[in-house]
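One structure is given below, encoded as C-alpha cells.
Derivation of every value follows stated rules applied to the coordinates shown; laboratory data play no part. Note that the structure is a prediction, hence the values are computed from the model and not measured. Cβ: placed from backbone, ideal geometry, glycine included. Neighbour counts: every protein chain shown.
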Amino acid sequence: MGELLVKGAANIASKIGVGKDNIGDLVESGELVAWKEGPGKGTWRALPEDLADFVRRRRDKHVKRVQQ
C-alpha cells in the first residue's frame, strides 16, 4: 500500500511543485484539496490522489495553452 496521507506544507509543496508558502492560497482558491485539523491550526494534510489530481489539472491547463 502506498502513502495514505501527506503531512506538512513543505512535503505537499514538494510533491506538487510549488513553494510551501503557496499551499494556503491554493486551498483558499479551491485549486488544491488539503486541510488543517482545527480552526486554522496544525499541519497541512492532503491525500496523495488529491495532489495527483491537482498536478493533472495544472498540466491539462498548460498543455491546452501550448497547443493553441
Taking the alpha-carbon set of the chain, what are its Rg and Dmax in Å? 12.8, 44
Residues in the stretch 34-59 that a label on residue 15 would reach, taking backbone N under 16 Å of a point 7 Å out along Cα→Cβ: 34-37, 43-58
Please give the calculated 222 nm ellipticity per residue for the chain, where each DSSP H segment of at least 4 residues contributes -39500 (n - 2.57) and the sum is spread over every residue; nearest 500 deg cm²/dmol? -16000 deg cm²/dmol
Using +1 on the beta carbon of Lys and Arg, -1 on that of Asp and Glu, and nothing else charged, what's the dipole of the chain about the Cα centre, debye to 20? 240 debye
So how do 4, 51 line up by other beta-carbon neighbours within 10 Å, fewest first? 4, 51
Partners for residue 20 among lysines (Cα-Cα distance below 19 Å; same-chain residues under 8 apart left out): 7, 36, 41
